[in-house]
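Shown next, in structure tokens, is the structure this report addresses.
The values are calculated or read from the model by the stated rules, or taken from the named source; none is laboratory data. What you see is a predicted model, and the numbers here were worked out from it, not measured in a lab. Cβ: placed from backbone, ideal geometry, glycine included. Neighbour counts: every protein chain shown. Accessible surface is based on the protein model in full, side chains and every heavy atom, while ligands, DNA and RNA are left aside. Shrake-Rupley method; radii C 1.70, N 1.55, O 1.52, S 1.80 Å.
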Amino acid sequence: MLGQSPNRFIGDAGNWKQEGRGTKGRRAKEGAVPGIGESKASRGAYSKNTDSMNRVFRSTRVVTSSGVAPASVMVEQDRIVSIAQWGDAPADAILHDFGQLVLLPGLVDSHVHINEPGRTDWEGFASATRAAAAGGVTTLVDMPLNCMPETTSAAALSQKRAAAQGQAWVDWAGWGGVVRGNAEHIEPMMHAGVPGFKCFLIYSGIEGFPWVAEADLRSALQRLRGTGRPLLAHAEAPGPVEAATEEIDGEGRDWRKYETYLASRPDAAELEAIALLIRLAEEFETPVHVVHLASAKALPVLADARRRGVPVSVETCTHYLWFAAEDIPDGATEFKCAPPMRSGANREQLWHALETGLIDMVTTDHSPCIPAMKKRETGRWNEAWGGIASLGLALPALWTGMSQRGLDGERGFSRVAEWMSAGPARLAGMLGEKGAIAAGADADLAVFDPDADWTVSERDLYFRHKISPYSGARLRGRIVETWLRGQRVFGKDGFEGVARGEEWVRR
């Protein structure tokens, strides 16, 4: 049986070791720039070597599991050592005082397509992790399918590790892939440190990542049983999609219309797939996670499974909470994703499920491609790549939606910390090191101005290709600074230092 204590990968693809708490072996970085409100007396010391010095991060609104309160976060090297009263900063510590700005735990996005190695022209570690840092995200968990080779074996994982070296601006981990015929690779990938596994129940769009049927799911869950590692699933069944598409084509309907695309991915596809996943999670007593829930019609069956104690968790994505089908222009294929964005009434039901805890977390499913693949010149939804580019925009979009629904305020900050930090970290088995401002956790911090009003323009997009349905959106709230393991990586003057992100490895 594999253990569950988290460790980290360091070095190159062929040179890794386990690191327990306090034995991380990270090298100190030099020459960083002092932060907001930092005392002049500390500037000289800070510029020499801050990794070896005690620091205090202070705000009147620090978000911990206990709520939102004035506090001082004590940091030694790259870890939080304690949470103290606001006025308890030691005289010899470097003080970063953020006033009334909100100090959130660094966000964890557990659903991102980095695409490297093999498709760096779509996205890569350098651009994806910079976009993450600009949005307060300090840890990404990469999906296994859009890279080449797909992460369906320990050997492929080694190639991904090699590609990431020296490029990551935030920490990252990689889900393993479950596809037809790779059952013998599951345990080696667990030994190599993946936090869990991802599969598709329908065609993924990637020939090298084939979808799985019930027999494949059973084989995978048997191997995952008792390990604590979840099986994540793209929950759409092929039957309803194939039937709907055949009907649409038979009627000669216009594929440039969004309503045509929406009809081609009916709610029934999600319902059928989720019912299968619930049944298998209950039988194998193994955690199953439904990624990017779009259909509110699945909420009752998910609620029933929760009441029975079935180990099923659920995420939705920012775009399902922001956009509504009625507002999507025909031919605007930058909005294409699967499952599709549904009606405004459906969206409000997702918000209610998130507020009441039935939906556990919010991710981006950042899935960019080269511009030509969006087929914007023809606007045909059936020909365009399906994926929303949004990495770096999720928190402001979510916060704006929360503000519109009266879910903001002091309690709202705690909601954000659960939905975008603790929840995804818990899914990946990294809560305790990531996803919380707590003693023993990494000093990953996001400084958030909840009152900033701004409009998304191309200069705000740090991912590789500046195509996003959020362009032109008026948002409330903005990240001011992002700190990774006690070092600022993003601030008012842009990115700072060098790419120092590491892979998080589960043991």
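Out of the residues in region 374-408 meeting the condition of being assigned to a helix (DSSP H, G or I) and out of contact with any helix residue (DSSP H, G or I) (no Cβ under 9 Å at 6 or more places or on another chain), tell me which one is farthest from E458 (Cα to Cα). Steps first, answer last, please.
Residues of region 374-408 assigned to a helix (DSSP H, G or I): 374, 394-404.
Filter once more, so that each one left must be out of contact with any helix residue (DSSP H, G or I) (no Cβ under 9 Å at 6 or more places or on another chain): 396, 404.
On the way: P396: 16, Q404: 25 Å.
The qualifying residue farthest from E458 (Cα to Cα) is Q404.
Among the residues of region 306-330, write down those that are out of contact with any Pro (no Cβ under 9 Å at 6 or more places or on another chain) and small (G, A, S).
Applying the first criterion (out of contact with any Pro (no Cβ under 9 Å at 6 or more places or on another chain)) to region 306-330 yields 306-310, 314, 316-318, 321, 324, 326-327, 329-330.
Of everything in region 306-330, those that are out of contact with any Pro (no Cβ under 9 Å at 6 or more places or on another chain) and small (G, A, S) turn out to be G309, A324.
Considering region 68-164, the qualifying strands (runs of 3 or more DSSP E), each wholly inside and each with 2 or more residues that are surrounded by fewer than 22 Cβ atoms within 10 Å (Cβ to Cβ) and of a type in the set (G, A, S), run over 79-84. E150 meets each of the listed conditions (1) farther than 30 Å from Y470 by Cα; (2) touching a strand residue (DSSP E or B) at 6+ places or on another chain (Cβ under 6 Å); (3) acidic (D, E) apart from (1). Taking S390, is it under 23 Å from Y470 (Cβ atoms), open to solvent by 10 Å² or more (accessible area, probe 1.4 Å) and touching a Pro at 6+ places or on another chain (Cβ under 9 Å)? So S390 does not fit the description; no. Among the residues making up region 170-204, those that are part of a loop (DSSP other than H, G, I, E, B) and open to solvent by less than 30 Å² (accessible area, probe 1.4 Å) are V170, W175, V178, V179, N182, G193, V194, P195, G196, L201, I202, S204. Residue-level analysis places H319 outside the set of residues that are assigned to a loop (DSSP other than H, G, I, E, B) and either under 25 Å from the mean Cα position of the chain (by Cα) or of a type in the set (K, R) (or both). Go through region 205-227 and report how many residues are surrounded by fewer than 16 Cβ atoms within 10 Å (Cβ to Cβ) and in contact with a Ser or Thr (Cβ under 7 Å, 6 or more places away or on another chain). So the count comes out to 1.
As a summary of the residue check, R279 satisfies the conditions (1) touching a residue at least 24 places away in the same chain (Cβ under 8 Å); (2) open to solvent by 10 Å² or more (accessible area, probe 1.4 Å); (3) within 26 Å of G176 (Cα to Cα) except for the one numbered (1).
In the set R229, R279, which member is over 27 Å from V505 (Cα atoms) and either modelled with pLDDT of 95 or more or not in a loop (DSSP other than H, G, I, E, B) (or both)? If you could, list the steps in order and put the result at the bottom.
On the way: R229 fails: over 27 Å from V505 (Cα atoms).
Result: R279 is the single residue among R229, R279 that is over 27 Å from V505 (Cα atoms) and either modelled with pLDDT of 95 or more or not in a loop (DSSP other than H, G, I, E, B) (or both).
Screening R308 with (1) in contact (Cβ under 8 Å) with a residue 12 or more places away in the chain; (2) in contact with a Leu (Cβ under 9 Å, 6 or more places away or on another chain); (3) more than 24 Å from P240 (Cα to Cα) gives one miss only, at (2). The residue list V241, V288 contains one member that is surrounded by 23 or more Cβ atoms within 10 Å (Cβ to Cβ) and at pLDDT 95 or above, which is V288.
M53 meets all of the listed conditions (1) modelled with pLDDT of 95 or more; (2) farther than 24 Å from R411 by Cα; (3) buried (at least 17 other Cβ atoms within 10 Å of the Cβ) but one, namely (1).
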